[in-house]
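Here's the structure we're looking at; comments come further down.
The values are calculated or read from the model by the stated rules, or taken from the named source; none is laboratory data. These numbers were taken from a predicted model, which means no experiment stands behind them. Every residue, glycine as well, gets a Cβ built from its backbone with ideal geometry; the counts of neighbours run over all protein chains shown. Note: areas computed on protein heavy atoms with side chains; ligands, DNA, RNA excluded. Shrake-Rupley method; radii C 1.70, N 1.55, O 1.52, S 1.80 Å.
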Amino acid sequence: MSSSSSNALLPPASMASRTLNIEAGPALDNKEEELEEDDPFDITNTKNASVETLKRWRDGDGLQNPAIQDNLKNIDHWNITNVCDHLIGATVKPPTPTGEYAIGLEQLVSMSRDHNSSALQQYGGASILGDEDDILKRRNAFGSNTYPRKKARSFLRFLWEAWQDLTLIILIIAAAASLALGMKTEGIKEGWYDGGSIAFAVFLVIIVTAISDYRQSLQFQNLNEEKRNIQIEVMRGGRMVKISIFDIVVGDVVPLRIGDQVPADGILISGHSLATDESSMTGESKIVHKDQKAPFLMSGCKVADGVGTMLVTGVGINTEWGLLMASISEDTGEETPLQVRLNGVATFIGIVGLVVAFSVLAVLLARYFTGNTRNSNGTVQFHKGETSISQIVDDIIKIVTIAVTIVVVAVPEGLPLAVTLTYKVLLSKNKSIKTFDQVRRLSACETMGSATTICSDKTGTLTLNQMTVVEAYIGRQRLDPPDDSSKLHTRISSLLFTGIAQNTQGNVFEPKDGGAVEISGSPTEKAILSWAVKLGMKFEAMKSESTVLQVFPFNSEKKRGGVALKVDSEAYIHWKGAAEILLASCTKYMDLNGQLQSIDGEKEFCKEAIDDMAARSLRCVAIAYRPFDVEKIPADTESLDKWVLPEDDLVLIGIVGIKDPCRPGVKDAVKVCIEAGVKVRMVTGDNIQTAKAIALECGILSSDADASESNIIEGKVFRALSEGEREQVAKRITVMGRSSPSDKLLLVQALRKGGDVVAVTGDGTNDAPALHEADIGLAMGIQGTEVAKESSDIIILDDNFASVVKVVRWGRSVYANIQKFIQFQLTVNVAALIINVVAAVSSGDVPLNAVQLLWVNLIMDTLGALALATEPPTDHLMHRTPVGRREPLITNIMWRNLIVQALYQVGVLLVLNFAGRTILGLNDETRERANEVKNTVIFNTFVFCQIFNEFNARKPDEMNVFTGVTKNYLFMGIIGITLVLQVIIIQFLGKFTSTVRLSWELWLVSIAIGLISWPLAVVGKLIPVPETPLAKYFIRPFQRLRTARSA
């Protein structure tokens, strides 16, 4: 495998020095023969050809050389060596070398895109990659496996979108009108303060919104980039290495298995029953079989069946997939269900605010034109027939500004922003989540907060996936130790090693320098290969002594995999799979002397051995074979590909017990789930006894008493039940053994119909339906196939169950943080609206002006969302029951807290508004000065009420709201920034905010009033609340009315 021969993809002996372009490939020789422009079969220039020309080319017939095709038909089974020999020996003269290789980029791209076998034969065969220098040269010559991305929206675009909010546009108009009014009445020097302040506040809101949306866009881009960065295995220098899909180069040899994504354009160089789903490229869901007649593989397609090995011939933009992906602009503005709900809440609150604002506008206009509105000095503003039109317009603009400001404070723009900020922390700041989980769909995090059950795989998720053969039986004799080869007869060794070496997708690499043997493959295959190597198996030698006729890849439905081999003049079919299933197909066994014996009297012994190993949580795998008449083997390739390997009359060679220890900490993680009200179910393809033993070890089953028939079931038993029976049984199932992917799907469907919110883990291609059907699909990042990952919502990068629990914690944290912010937000909304409405209706003026309310809006929307939505998850979240699928966002506890705080704030501030001059000792001041001080105290007190209430919002259902507050540096920082800015606003920016400097006594008054919200919150939490959501009490009358009408 590590040797190479001179051919199209290797540099010729003499290389001309020339400049190479990494993306475009080697420069073409000026003396290159030119083809006629109107030639429909001009493959050299297809990259620049018209669509019509390409269509004529691709629809053309007679392009393939019959002699070469006959030559290809004679190749029974492809491998790298004979492909090279046959293709290099073609009679067609190869083209003149171009660049550093005997084939140019344009010719290679045309051959791959047009699936041109003639060109493939003309250019020669395949090669194996050399060293790092060779890889770099190939990347320079044929391009990298990347494609240009469409340019993302710029920050200016987000600015443009942010200012188009209708409320902000109205405020901008109001700011312009106020600016003109101020300059007209007070002159340019003093008159720009009000209008300028509103404009600055609006500008600040636009900037903050644009920055938030822009950073969210970048976060989604990073998320999509992580999705695309698939890790794959390639063969380089005779060994399997794992690389990023972006690092593949032309000439790489890539093994393909069921569920894999074809990483680049290429040709099949060996394979059995290989079929691909090309619907992503052709739009047709037809499965296309690949063989020597149709060897071309298209990037982006999925392997639907079989196994194979491909040689990469096109990467990146030089593939149809690359061109397609380069032309697609991905939507990075995914809106999650929770954001949709919050947008609905925000819209509803905004409508209420709009109605209130129009009502206030109507009342203020009525008061104004009836002469009930007075200036700060006590004079009446409007006198019929005396007040000028210009003055009326100025006064109306002020009234409209007040109404618009009420709309601003009523519309909670921070609700959807809070979700965005929560996810930002989830995806970027929290290292544990970023390291162990890859979120493919943000909505899954929300749903995880509602998960009531987790259906988990066993292998690799609950266990370490580090498998070792710890027990072995040859025939009915136990090997002790299991790698003791001294007792094995040469015939047994030969059959055993041949079956293991050929019936595997793994590989054994033995360095020539005598270093440690490197074994690759699935964990089960690695364990068996390691065991065989210890017994003395020479992997390459065993593979060379036999010829593979047909392969039946391991099937999760049948729990076995097989291979048909020809050894000299004899044929054998080797099987490997689940011990008790394979044992049922055996009629004989081979004893230690290499003699065949009837298994009838020994089956009970074998079953007991299997049960004993399974009870000790060992995975039991049987290895068997059967001789086959060579004359009955299909002679032609087409019949051979369709040949179904016989599964009966087998000879048992041996049974191995493979230990896969439980992951450290998995028992604690399961315990956390149980305490959180989330039921953990194990769904595995392993033996029911093995599953039971692991479930007891992991804590899924608490004791042997729990391991009853009602809790443990086999997949075939569950499958045989009726739909109604499955729904009833599914609730009780804790462990399902010997399950197929279809059994897992049936279980998910039954649980969901029963009202459960189901999370499912999966790794195989056949798990895709269950992953898609579940509320949350969790694919395994290490063992998972690309098909499984594509069907999932979250990828568990370390395949660890503890990482699943982390997602549950974060899912609950998302909901909890949003609820905290809603409580804080609505308290401010209710208080600000009531204060301004009551004051406006009663006195014709409002204590909180436009600039002040915009500052409050900034506190409660942006800074409030940033402070509360970024609270990290706590252990307290996992001591609650799951959030119901239809549970209202605003719970009864939140309503209680909200009403208590809002009533307190409204009551205190209205008292200050109507009796503030007396309470604050301002009777000796002029009316204008007293009103300025009173309104400043009201504004200052209102802000401090929000600052102190922000602490209350952290823990809606806990008495101690200060737990962990000093560890949340962002929260403390925002509180500090808000305090500093408030001091600056009051003490130094009075002309902009229409405030005056306050004495230290009045500062203490403001702080003291705000501080009372802390003990008030403790008292409020002593008030009991009903379990039935308040919304249902309001809905019931309408439901009764609807029922009465329908009756």
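Could you go through the range 518-530 and let me know if any residue there is under 36 Å from the mean Cα position of the chain (by Cα) and more than 27 Å from residue 690 (Cβ to Cβ). The answer is yes; a qualifying residue exists. Filter the range 716-762 down to the residues that are open to solvent by less than 40 Å² (accessible area, probe 1.4 Å) and charged (D, E, K, R), then identify the one that is nearest to residue 773 (Cα to Cα). So, considering only residues that are open to solvent by less than 40 Å² (accessible area, probe 1.4 Å) and charged (D, E, K, R), the one nearest to residue 773 (Cα to Cα) is 744. Scanning the range 956-980 for residues that are of a type in the set (D, E, K, R) and either without any contact (Cβ under 8 Å) to a residue 40 or more places away in the chain or part of a helix (DSSP H, G or I) (or both) yields a single hit, 967. Scanning the range 1020-1040 for residues that are of a type outside the set (Lys, Arg), open to solvent by 90 Å² or more (accessible area, probe 1.4 Å) and part of a helix (DSSP H, G or I) yields 1033, 1034, 1038, 1039. Looking across the range 610-621 at every residue that is touching a residue at least 24 places away in the same chain (Cβ under 8 Å) and surrounded by fewer than 20 Cβ atoms within 10 Å (Cβ to Cβ), the one that is farthest from the chain's Cα centre (by Cα) is identified as 611. At least 2 residues being charged (D, E, K, R) is the threshold, and among the strands (runs of 3 or more DSSP E) wholly inside the range 227-325 those reaching it are 231-236, 239-244, 265-277, 302-314. How many residues does the range 525-539 contain that are open to solvent by 20 Å² or more (accessible area, probe 1.4 Å) and either at pLDDT below 90 or out of contact with any strand residue (DSSP E or B) (no Cβ under 8 Å at 6 or more places or on another chain) (or both)? Residues that pass the stated criteria total 4.
Look at the range 928-949: where a residue is modelled with pLDDT under 90 and a partner is among the basic types (Lys, Arg), sitting 6+ places away or on another chain with Cβ atoms under 9 Å, you get 930/917; 931/917.
Just one of (1) assigned by the TED database to the domain that holds residue 453; (2) open to solvent by less than 30 Å² (accessible area, probe 1.4 Å) fails for residue 772. It is (2). Filtered by the rule that a residue be assigned to a helix (DSSP H, G or I), open to solvent by 60 Å² or more (accessible area, probe 1.4 Å) and in contact with a helix residue (DSSP H, G or I) (Cβ under 8 Å, 6 or more places away or on another chain), the range 982-1006 gives 991, 992. Screening residue 511 against (1) open to solvent by less than 60 Å² (accessible area, probe 1.4 Å); (2) in contact (Cβ under 8 Å) with a residue 12 or more places away in the chain; (3) under 47 Å from the mean Cα position of the chain (by Cα) leaves a single unmet condition, (2).
Go through the range 573-605 and give me each residue that's small (Gly, Ala, Ser) and either open to solvent by 30 Å² or more (accessible area, probe 1.4 Å) or more than 21 Å from residue 501 (Cα to Cα) (or both). Answer for the range 573-605, where residues must be small (Gly, Ala, Ser) and either open to solvent by 30 Å² or more (accessible area, probe 1.4 Å) or more than 21 Å from residue 501 (Cα to Cα) (or both): 584, 585, 598, 601. Exactly one residue out of 279, 212 is touching a residue at least 24 places away in the same chain (Cβ under 8 Å), not aliphatic (A, V, I, L, M) and not assigned by the TED database to the domain that holds residue 790, and it is 212. List pairs: first residue in the range 391-404 and assigned by the TED database to the domain that holds residue 838 and at pLDDT 80 or above, second residue surrounded by 17 or more Cβ atoms within 10 Å (Cβ to Cβ) and not hydrophobic (A, V, I, L, M, F, W, C) anywhere in the structure, Cβ distance under 7 angstrom, at least six positions apart or on different chains. Taking only residues 6 or more apart or on different chains, the pairs are 395/368; 395/381; 399/368.
Of the numbered criteria (1) under 43 Å from the mean Cα position of the chain (by Cα); (2) surrounded by fewer than 17 Cβ atoms within 10 Å (Cβ to Cβ); (3) within 17 Å of residue 941 (Cβ to Cβ), the one residue 978 fails is (2). In the range 858-882, the residues that are more than 21 Å from residue 451 (Cβ to Cβ) reach residues that are surrounded by fewer than 24 Cβ atoms within 10 Å (Cβ to Cβ) and among the aromatic types (Phe, Trp, Tyr) with C-beta atoms within less than 7 angstrom, at least six apart or across chains, in these pairs: 867/971.
Can you tell me which residues in the range 775-786 are part of a helix (DSSP H, G or I) and buried (at least 24 other Cβ atoms within 10 Å of the Cβ)? None; the set is empty.
Residue by residue, here is whether (1) under 28 Å from residue 354 (Cβ atoms); (2) touching an Asp or Glu at 6+ places or on another chain (Cβ under 7 Å); (3) in a loop (DSSP other than H, G, I, E, B) holds:
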position	(1), (2), (3)
805	no, no, no
808	no, no, no
812	no, no, no
818	yes, no, no
822	yes, no, no
825	yes, no, no
833	yes, no, no
839	yes, yes, no
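When the range 641-670 is filtered for residues that are surrounded by 17 or more Cβ atoms within 10 Å (Cβ to Cβ) and either under 30 Å from the mean Cα position of the chain (by Cα) or in a helix (DSSP H, G or I) (or both), the ones remaining, listed by number, are 660, 662, 663, 666, 669, 670.
Test residue 190 against the stated conditions and say whether it is open to solvent by 90 Å² or more (accessible area, probe 1.4 Å) and assigned to a helix (DSSP H, G or I). The answer is no for residue 190.
Collect the residues in the range 384-399 that are closer than 13 Å to residue 365 by Cα and basic (Lys, Arg), keeping them in residue-number order.
Applying the first criterion (closer than 13 Å to residue 365 by Cα) to the range 384-399 yields 392-399.
Passing the criteria: only 398.
Of the residues 767, 686, which is crowded, with 21+ Cβ neighbours inside 10 Å, among the acidic types (Asp, Glu) and under 26 Å from the mean Cα position of the chain (by Cα)?
Numbers: 686 fails: under 26 Å from the mean Cα position of the chain (by Cα).
Being crowded, with 21+ Cβ neighbours inside 10 Å, among the acidic types (Asp, Glu) and under 26 Å from the mean Cα position of the chain (by Cα) holds for just one of 767, 686, which is 767.
Identify, from the list 417, 427, the residue that is in a helix (DSSP H, G or I) and either at pLDDT 85 or above or surrounded by fewer than 23 Cβ atoms within 10 Å (Cβ to Cβ) (or both). Only one candidate qualifies: 427.
Per-residue answers, yes or no, for (1) modelled with pLDDT of 85 or more; (2) touching a His at 6+ places or on another chain (Cβ under 9 Å); (3) within 23 Å of residue 757 (Cβ to Cβ); (4) open to solvent by 30 Å² or more (accessible area, probe 1.4 Å):
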position	(1), (2), (3), (4)
790	no, no, yes, yes
803	yes, no, yes, no
820	yes, no, yes, no
837	no, no, no, yes
844	no, no, no, no
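In the range 678-763, counting only strands (runs of 3 or more DSSP E) that sit wholly within it, the ones holding 2 or more residues that are outside the structural domain of residue 609 (by the TED database) and of a type in the set (D, E, K, R) span 679-683.
The residues of the range 151-162 that are at pLDDT 80 or above and not in a helix (DSSP H, G or I) amount to a single one, 154.
Go over the candidates 357, 294 one by one and state the one that is modelled with pLDDT of 75 or more and buried (at least 20 other Cβ atoms within 10 Å of the Cβ). Selected residue: 357, the only one of 357, 294 that is modelled with pLDDT of 75 or more and buried (at least 20 other Cβ atoms within 10 Å of the Cβ).
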